[in-house]
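The values are calculated or read from the model by the stated rules, or taken from the named source; none is laboratory data. Being a predicted model, the structure only gives us computed values, none of them experimental. FYI the Cβ positions are ideal-geometry reconstructions off the backbone, even for glycines, and counts take in every protein chain you see.
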């Protein structure tokens, strides 16, 4: 275990405040870093940074490598001379400051980015060299991604399985023709990626300079409608027409009688191994160029995955398939040249079997503890007296209700046990949880920003079984409070974080 005892905040950039309808990588992100540094916290955890599609979920992206153009800062575009003040005034949003209205934000942002690209083409001098270097360095994923997005746009935004047969199977002549006909659009999508990573790398460097490491998120599965599946069909279980034969999910449990049918295509691990995990290693290396620590979502999928026939409408009749996770992580260590521990946190929630525990222990990955799950009784493994130092303790995650929201709706038994265990009356429940995870033996202690702000269920980020209305919560400019920073600073000192 190479991590040092520390603490942090979970906050996705979309949740930052500004007047453009969605948080971004501009001035308020730097303000957050400054505020976070003032608390003594040393970690900023984010959700995946990829380009979101239907449902606006950062866990369903058009690419495992690309960045989300909706996070590009209009203020930074203005500073680079790519847009005017008049352009900014046009997109200042009338949407509520506390919520992202994706339907309003997306067209506004895309119009602004198109303006920036047009202005760049008219006067490319000061950015051209940098842009060309970016395209050269990132060509291994950027060329396919930019072509994929250009083709997608030319097909009205529809999924790639609705394209012509020749494009679906990437016929060489058709691909060459498309690259020529759509060259302008391909360059535009490449430019958006250049802008995103230019802004993100600058922000990350600033965070690092303040002593803050960024915890990034790696969803184990990718979206079917992605450049990854379209350009590497041999790495997934697809039929001759490019449709999935089996898909991902989890079996029925106490939360769902029919299980969860996620629908993501499943990896053909034999083919990945045959290629010496080239795609995965590229993905991990690229992500580690953008963040300091990786959180692997659905870690148990590296020991075995739940396979559901693609034609099924529920997850009831799937089966577990084992994979050689040890071989994979040995390859990761070798590729990164890491002799000791990998900078990885394992999301080990849900059904955890002995093979998953063995994989965690073999590579010394810290697992996750969610205190909000703990209050059923004294034998609950999420209670701090069961923790080991090599774990990451959270008050809650992006998939849970806020701490205050949970306490308002929990059963009387859970509330009574929580009050007794924590020795509190529940009136300050979010901070009761924060104090508890901070004082635990866990190597990292992390709280969502909503819990720091003691917000209720209205500030919940995601409700996994609910369609629509997710990923919308935002801070306000008044939320960077000095009293909260002082409270965290004192707690970090008291708990040696």
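When the residues of region 273-299 are narrowed to those that are more than 26 Å from residue 262 (Cα to Cα) and more than 18 Å from the chain's Cα centre (by Cα), which ends up surrounded by the most Cβ atoms within 10 Å (Cβ to Cβ)?
Ranking the qualifying residues of region 273-299, first place goes to 275.
Against the condition over 25 Å from residue 213 (Cα atoms) and touching a residue at least 40 places away in the same chain (Cβ under 8 Å), how does residue 269 come out, does it pass?
yes
If only one of 352, 370 is in contact with a helix residue (DSSP H, G or I) (Cβ under 7 Å, 6 or more places away or on another chain) and under 18 Å from residue 298 (Cα atoms), which one is it?
Among 352, 370, only 352 is in contact with a helix residue (DSSP H, G or I) (Cβ under 7 Å, 6 or more places away or on another chain) and under 18 Å from residue 298 (Cα atoms).
Of the residues in region 21-48, how many are touching a helix residue (DSSP H, G or I) at 6+ places or on another chain (Cβ under 7 Å) and within 17 Å of residue 67 (Cβ to Cβ)?
8
Scan region 166-184 for residues that are in contact (Cβ under 8 Å) with a residue 24 or more places away in the chain and part of a helix (DSSP H, G or I) and jot them down.
168, 175, 178, 179 - these are the residues of region 166-184 that are in contact (Cβ under 8 Å) with a residue 24 or more places away in the chain and part of a helix (DSSP H, G or I).
Within region 452-461, is there a residue that is in contact (Cβ under 8 Å) with a residue 24 or more places away in the chain, closer than 27 Å to residue 4 by Cβ and touching a helix residue (DSSP H, G or I) at 6+ places or on another chain (Cβ under 7 Å)?
Yes, region 452-461 contains at least one residue that is in contact (Cβ under 8 Å) with a residue 24 or more places away in the chain, closer than 27 Å to residue 4 by Cβ and touching a helix residue (DSSP H, G or I) at 6+ places or on another chain (Cβ under 7 Å).
Between a residue in region 185-197 that is at positive phi and surrounded by 23 or more Cβ atoms within 10 Å (Cβ to Cβ) and any residue that is modelled with pLDDT under 95 and assigned to a helix (DSSP H, G or I), which pairs come within a Cβ distance under 8 Å, given they are 6 or more apart or on different chains?
If the second residue must be modelled with pLDDT under 95 and assigned to a helix (DSSP H, G or I), no pairs are left.
Within region 232-239, can one find any residue that is touching a helix residue (DSSP H, G or I) at 6+ places or on another chain (Cβ under 7 Å), crowded, with 17+ Cβ neighbours inside 10 Å, under 25 Å from residue 362 (Cβ atoms) and at pLDDT 95 or above?
Taking every residue of region 232-239 in turn, at least one turns out to be touching a helix residue (DSSP H, G or I) at 6+ places or on another chain (Cβ under 7 Å), crowded, with 17+ Cβ neighbours inside 10 Å, under 25 Å from residue 362 (Cβ atoms) and at pLDDT 95 or above.
Looking at 264, 243, 271, 290, which one is touching a helix residue (DSSP H, G or I) at 6+ places or on another chain (Cβ under 7 Å) and under 30 Å from residue 354 (Cβ atoms)?
Matching residue, one of 264, 243, 271, 290: 271.
Looking at region 25-38, is at least one residue surrounded by 20 or more Cβ atoms within 10 Å (Cβ to Cβ) and part of a loop (DSSP other than H, G, I, E, B)?
Yes, the conditions are met somewhere in region 25-38.
Determine, yes or no, whether residue 78 is in contact with a helix residue (DSSP H, G or I) (Cβ under 7 Å, 6 or more places away or on another chain) and not in a helix (DSSP H, G or I).
No; evaluated as a whole, the condition is false for this residue.
Residues in region 139-154: is at least one assigned to a helix (DSSP H, G or I), without any contact (Cβ under 8 Å) to a residue 60 or more places away in the chain, within 24 Å of the chain's Cα centre (by Cα) and under 30 Å from residue 477 (Cβ atoms)?
no
Give region 4-17 a look and list any residue that's in a loop (DSSP other than H, G, I, E, B) and either buried (at least 22 other Cβ atoms within 10 Å of the Cβ) or within 15 Å of the chain's Cα centre (by Cα) (or both), or say none.
11, 12, 16
Taking the criterion of being under 25 Å from the mean Cα position of the chain (by Cα), touching a residue at least 40 places away in the same chain (Cβ under 8 Å), assigned to a strand (DSSP E or B) and surrounded by 14 or more Cβ atoms within 10 Å (Cβ to Cβ), would at least one residue in region 381-392 satisfy it?
Yes - at least one qualifying residue is present in region 381-392.
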